[in-house]
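Have a look at the structure below before the remarks.
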Amino acid sequence: MDLRAVHHHQKPIKVADEDKQKKEGGNRRPLQDIGNLVDLHHAPIIKSLGALALANDQDIAEKNKDKNQEEELIMIKSNQEAEKKVAYKPHPETIIIISSDDEEEEARRNEKLSKKKRILSGNKNNRKKRVHSLTSVLTARSKLACGLATKPRELIVNIDAADADNELAVVEYVEEIYKFYKFAEEENRVLDYMPSQSHINAKMRMILVDWLVEVHNKFELLPETLYLAIDLVDRYLSRKVVSRRELQLVGIASMLLASKYEEIWAPEVNDFICISDNAYTHEQVLAMEKEVLGRLEWNLTVATPYVFLVRFIKAIVPSDKEMENMAFYLAENGLMWYETVVSFCPSLIAAAAVCAAMRTLDRTPVWTETLKHYTGYSEEQLKECANMLATFQLAARESKLKGVHRKYSSTERGTVALWPPTKHLG
């Protein structure tokens with residue numbers, strides 16, 4: 001609508017008289033009603049049509065503003081009420097039940113359902129770490145994939161459970177310690193050194209080791225001392241060519257070093273000179289001791305078969321003193337033979353000695369899952385070394401070198417050397 005003032009050249013708007021307006025319906029403007037009528041009784045006096053139109057527009061805008069605010073308040077209130085009514089509920093689980101007799105499929109579904117329940121309940125800390133122990137539970141994996149279709153899986157016994165309160169057993173670190181031993185044993189592995197030795201042979205080495213066993217038994221030294229002394233002899237001979245005359249001196253120096261390393265009260269130099277029938281002087285023994293240390297770069301901390309034997313014997317469940325003595329007998333008798341030392345690493349020699357001892361004493365099963373777990377070897381991997389130890393056990397009965405055989409024929413060690421030789425593994 002054009003609300004501008006009427007100019008002089010425009011025709012004036014004709015307004016009907018009051019009687020006619022009353023007769024037709026009251027005080028109505030001549031224009032058609034569009035919702036902006038003003039109550040003339042309460043409205044202020046408007047001098048111009050433009051001012052009246054402006055007032056009407058302001059009034060309409062104010063009403064629209066109030067109306068919009070009222071609608072917004074109603075909408076906010078309705079949203080709040082809707083939020084109060086709606087409760088958070090997890091989406092219903094869609095479970096598809098497949099009718100099947102397959103145990104593998106049923107176990108997989110149960111595992112998924114239990115996982116969903118843990119997540120929905122928010123208790124994620126209920127997930128337990130899988131450990132190889134007596135109380136460990138079999139996982140719901142495929143029996144065919146694990147090769148357990150016809151044979152149930154044997155539980156692995158936790159051999160450190162009894163030492164949980166023994167601080168000296170360091171059960172928290174024992175597995176890591178033996179992993180390090182198996183890694184480090186390759187660094188100090190004895191190689192085939194006899195081809196480079198022009199004055200000695202494997203038979204002379206066997207005589208020396210048999211004499212060291214006699215000396216060790218005479219001084220009543222710890223088992224660790226004997227194994228370390230033999231290791232020092234072999235490592236030194238692999239780095240230095242020695243004469244026939246010096247071979248026993250190398251053995252004396254090695255036993256002296258091993259005693260100082262392992263024993264609380266080590267034998268003195270004069271004790272070794274006396275037991276060797278004064279074959280060497282005091283100065284010669286000390287000079288050879290220094291020579292051995294220099295060649296080996298003062299490295300006396302090595303993993304010998306004894307280190308692994310004490311661990312592997314512990315994995316025999318149940319174990320007894322007779323089994324322990326038999327395993328040590330087969331290991332010590334095997335170390336007399338040069339072929340054993342250069343052909344197999346210390347951990348394998350120890351595991352094979354345990355396996356051969358199980359066969360000699362007719363224990364069944366020969367190789368359990370617990371032994372396989374803690375030794376890291378299967379029965380098939382031990383076959384060659386175990387058969388070699390069985391052969392040497394038979395040869396010890398007819399050999400003139402009786403140091404090891406005499407030691408384990410005593411009642412103190414259960415007379416295990418008198419048992420019939422073990423059968424060869426098939």
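If you scan the range 308-325, which residues turn out to be touching a residue at least 40 places away in the same chain (Cβ under 8 Å) and of a type in the set (A, V, I, L, M, F, W, C)?
Selection gives Phe308, Leu309, Phe312, Ile313, Ala315, Ile316, Val317, Met323.
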Right, Arg235: surrounded by fewer than 16 Cβ atoms within 10 Å (Cβ to Cβ) and either in contact with a Leu (Cβ under 9 Å, 6 or more places away or on another chain) or at pLDDT 95 or above (or both) or not?
no
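Specify the residue that is surrounded by the fewest Cβ atoms within 10 Å (Cβ to Cβ); the eligible residues are those in the range 266-311 that are of a type in the set (Gly, Ala, Ser) and part of a helix (DSSP H, G or I).
Among those residues, the one meeting the criterion is Gly294.
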If we scan the range 164-180, do we find a residue that is closer than 22 Å to Thr301 by Cα, of a type in the set (Phe, Trp, Tyr), out of contact with any Lys or Arg (no Cβ under 7 Å at 6 or more places or on another chain) and part of a loop (DSSP other than H, G, I, E, B)?
yes
If Ile200 passes every condition in (1) in a loop (DSSP other than H, G, I, E, B); (2) more than 29 Å from Thr375 (Cα to Cα); (3) out of contact with any Leu (no Cβ under 6 Å at 6 or more places or on another chain) but one, which one does it miss?
(3)
I'd like to check something: does the range 178-193 contain any residue that is of a type in the set (Lys, Arg) and within 18 Å of Ile313 (Cα to Cα)?
yes
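The values are calculated or read from the model by the stated rules, or taken from the named source; none is laboratory data. Everything quoted here is computed from the prediction, not taken from an experiment. Note that each Cβ is placed from the backbone with ideal geometry, even for glycine, and that neighbours are counted across all protein chains shown.
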